[in-house]
Amino acid sequence: MRLLAIILFLSFSAIAKADTVDNYQIYIKKVLVRNESGFPSNVKNKSFIKIDKALCNETLELHFHHCTGYEGKRKVVIADKSSGVLKEFEFTTSDYDAAMLIPISILCESSWIKSGVTYSLIYFDTMIDKGRHLTDIQVIK
């Protein structure tokens, strides 16, 4: 009987998944502009977030939640379509729902961001060391 209980426990624990999935939200001016969840292989191609001159003094606010919880060092990068990193933003969070704030003015004023070109916003931390594509952004200068 004890052996049967051990076998059942091991078989259930081997196939168990977290009861939630990774999810993230992106806000501009306290308005939700992206709300996604799921495993990276399930994430479909998304339309880009368009940033025009009227938003250049605002902040892009990102909340990323791991299904298992995570606090610590995080990084968000802006990359071109050839995966070349143009800008890195590093954060250390001590709260599960901590906001990662990126000033949009950096995107509007930077010479490395070209008007009308689409760039990728990619999230990294110690659990997602290869990065997770969040969305594309396009700045209209």
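Each reported figure results from applying straightforward, stated rules to the coordinates on display, with no laboratory input. Treat the numbers as computed from the prediction; the structure is a model and nothing was measured. A quick note on method: Cβ atoms are made from the backbone with ideal geometry, for glycine too, and the neighbour counts reach across all protein chains shown.
Table for the structure above
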{"read-out": "Positive-pole candidate from 100, 135, 124, dipole of segment 38-141, charges at beta carbon", "value": "135"}
{"read-out": "Inter-probe distance in nm under a simple model that places probes 7 Å from Cα toward Cβ, at residue 29 and residue 105", "value": "1.8"}
{"read-out": "Net charge, residue 90 excluded, C-beta distance under 9 Å - Lys, Arg +1, Asp, Glu -1", "value": "+2"}
{"read-out": "Cβ charges +1 (Lys, Arg) and -1 (Asp, Glu), total dipole of segment 21-141, debye", "value": "480"}
{"read-out": "Segment 92-132 residues near the modelled residue 80 label - backbone nitrogen below 14 Å, point 7 Å along Cα→Cβ", "value": "111-120"}
{"read-out": "Least to most buried among 97, 52 (fewest other Cβ within 10 Å first)", "value": "97, 52"}
